[in-house]
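Novice: This structure is in structure tokens; I'll ask about it shortly.
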Amino acid sequence: MLKKLFAPMDMTVGAPWKSIVAFSIPMLIGNIAQQLYNTVDSIIVGRYVGDNALAAVGSAGPLLNLLLVLFIGISVGAGIMVSQHFGAKRREELSGTIGCCVALTAIASLILMVGSPWIVRPILKLLNTPDTIIDWCTSYLIILMVGIAGMAYYNILSGILRGMGDSVSALLYLMVATILNIILDLVFVAVFEMGVAGVALATSIAQAVSAVLCFWRLAHMKDVFDFKLHYMKLDRKHSMTIIRLGLPSGLTQAIFSMAMIIVQSLTNSFGEAFIAANVIVMRVDGFAMMPNFSFGTAMTTYAGQNVGARKYDRVTEGAKQGTLIAMAVSASITVVLLTFGKYLMGIFTETAELVDLSMRMMWILAVGYIAMAVTQSLSGVMRGAGDTMTPMWISLITTVVIRVPVAYGISWLTRTPELPNGRCECVFISLLCSWVLGAIITAIFYRRGKWKDKAI
């Protein structure tokens, strides 16, 4: 029974919705646990250090995401290749792909470890990060970048495990790391009073532990592929395919992060209180988005395995069932957030004004979570089939062409002598617009069906 639980899942047989749900549940629990990394950091910093420290951790987020685009690309490209090779039962190709990912991740980690400490502070200054929090932001990011290898290997290796249908192992290792992260957060911040730097150090150590556990699991999957040293090289064929498939997703993340950075500059103009409220909303938003991300990843693995096995009817059937389930789950979570959101906001701060401001922003975003269920599920299907370009272009349109102009446009139109920078709601109204239009555009391109021609 235990062996079956941790075995790779063949999603090319059985009822599509059952495979998708069975795969998504560990993914959802894992994503919630991963979100706890940032949430626990924010709670402990907000409670033990103060609201400005909370704002510092949040302000570092968009830049951190931008610095991680290399790993996003490797992870997505690897996941697509692994799921398709696994579905087609191509052992040699699967072994070469996984080994190549290990080598690419090592190189990307080294680049970030050496280069990022030199560029973090200048970029934060360029973003008008307030002087009261810039030192905390800088130390937080530099510590995370120096320890980036653990974070990178966990995310990429757990993506490989999920590509083979094993979402349970990734969940188990993440739970271990999450518990360790919470303990270390309390020790470094509450006991040793290391502040924001202690939070970053705790996260780096916990991620490194989860990465080691993923390596151990892959080394024991000899019945599925060969995890040997001679495969761990930059093979031209596998490297180019990973880059071709992963680059659009990496660029998508880069575009999204750049838009977030541009909007973060606008957010910073509203002062520390709104920055802190934005952090609180984004932390709660992270949990609200977890089902969407979980179903999106599940749909990528499901589509990849079935495309590899050339079962396109199952792909279409699973896409419909998975999207409807994702929408129902998101609608339920949205109701819960609007009903109990104020109590969730109160976990992060005792400042009543911050709680009220955060809740006001959450009401703006509410309906967008259902729209994102459509976007994530159908984009997951297209990516799993090998079409990573279409989601990239949709992301480009929704973030650059829609979100940024809408945010700055509303800000400019609502300026008054009392509000020289306009109304702060512009940040969240623009996000809602991009989510809703993104769902409509994604559904249109999915219906066109050209993604079916992109298999490896």
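The values are calculated or read from the model by the stated rules, or taken from the named source; none is laboratory data. Note that this is a predicted model, so its numbers are computed, not measured. Using ideal geometry, Cβ is built from the backbone for each residue, glycine included, and neighbour counts are taken over all protein chains shown. These area figures cover heavy atoms from the full protein model, side chains too; ligands, DNA and RNA do not enter into them. Shrake-Rupley method; radii C 1.70, N 1.55, O 1.52, S 1.80 Å.
Novice: Output the residue which, of all residues in region 315-327 that are open to solvent by 60 Å² or more (accessible area, probe 1.4 Å) and within 24 Å of the chain's Cα centre (by Cα), is farthest from S294 (Cα to Cα).
Specialist: Per the criteria, the residue is K320.
Novice: Next question. Could you grab me the full set of residues in region 291-310 that are of a type outside the set (G, A, S) and either closer than 14 Å to G380 by Cα or at pLDDT 90 or above (or both)?
Specialist: Selection gives P291, N292, F293, F295, T297, M299, T300, T301, Y302, Q305, N306, V307.
Novice: Out of region 215-242, which residues are touching a Ser or Thr at 6+ places or on another chain (Cβ under 9 Å), assigned to a helix (DSSP H, G or I) and more than 20 Å from M9 (Cβ to Cβ)?
Specialist: Hits for region 215-242 are Y231, H238, T241, I242.
Novice: Kindly provide the set of residues from region 403-420 that are touching a residue at least 40 places away in the same chain (Cβ under 8 Å) and open to solvent by 60 Å² or more (accessible area, probe 1.4 Å), ordered by number.
Specialist: The one that is touching a residue at least 40 places away in the same chain (Cβ under 8 Å) and open to solvent by 60 Å² or more (accessible area, probe 1.4 Å): Y408.
Novice: Does at least one position in region 288-296 carry a residue that is under 30 Å from A88 (Cβ atoms), assigned to a helix (DSSP H, G or I), open to solvent by 50 Å² or more (accessible area, probe 1.4 Å) and in contact with a helix residue (DSSP H, G or I) (Cβ under 9 Å, 6 or more places away or on another chain)?
Specialist: Yes: one or more hits.
Novice: Given the criterion more than 30 Å from S19 (Cα to Cα) and either out of contact with any Cys (no Cβ under 6 Å at 6 or more places or on another chain) or in contact (Cβ under 8 Å) with a residue 24 or more places away in the chain (or both), identify the matching residue among F192, F215.
Specialist: After applying the criteria, what remains is F192.
Novice: Condition first: open to solvent by 80 Å² or more (accessible area, probe 1.4 Å) and either touching a helix residue (DSSP H, G or I) at 6+ places or on another chain (Cβ under 9 Å) or touching a residue at least 40 places away in the same chain (Cβ under 8 Å) (or both). Now tell me which residues in region 222-242 satisfy that.
Specialist: K228, L229, H230, K233, L234, K237
Novice: Sticking with this structure for a sec: Of all residues in region 75-121, which are open to solvent by 20 Å² or more (accessible area, probe 1.4 Å), under 22 Å from the mean Cα position of the chain (by Cα) and among the β-branched types (V, I, T)?
Specialist: Of everything in region 75-121, those that are open to solvent by 20 Å² or more (accessible area, probe 1.4 Å), under 22 Å from the mean Cα position of the chain (by Cα) and among the β-branched types (V, I, T) turn out to be V76, I107, I111.
Novice: Right, another one. Could you list, in sequence order, all residues of region 332-389 that are β-branched (V, I, T), open to solvent by 10 Å² or more (accessible area, probe 1.4 Å) and out of contact with any Gly (no Cβ under 6 Å at 6 or more places or on another chain)?
Specialist: I333, T334, V335, V336, T339, I347, T351, I364, V367, I370, V374
Novice: What do you reckon, is D131 acidic (D, E) and open to solvent by less than 20 Å² (accessible area, probe 1.4 Å)?
Specialist: No.
Novice: If only one of A200, A219 is open to solvent by less than 60 Å² (accessible area, probe 1.4 Å), hydrophobic (A, V, I, L, M, F, W, C) and under 20 Å from the mean Cα position of the chain (by Cα), which one is it?
Specialist: Sole residue among the options that is open to solvent by less than 60 Å² (accessible area, probe 1.4 Å), hydrophobic (A, V, I, L, M, F, W, C) and under 20 Å from the mean Cα position of the chain (by Cα): A200.
Novice: Just name the residue that is most open to solvent (accessible area, probe 1.4 Å) out of those in region 303-314 that are part of a helix (DSSP H, G or I) and not charged (D, E, K, R).
Specialist: Y312
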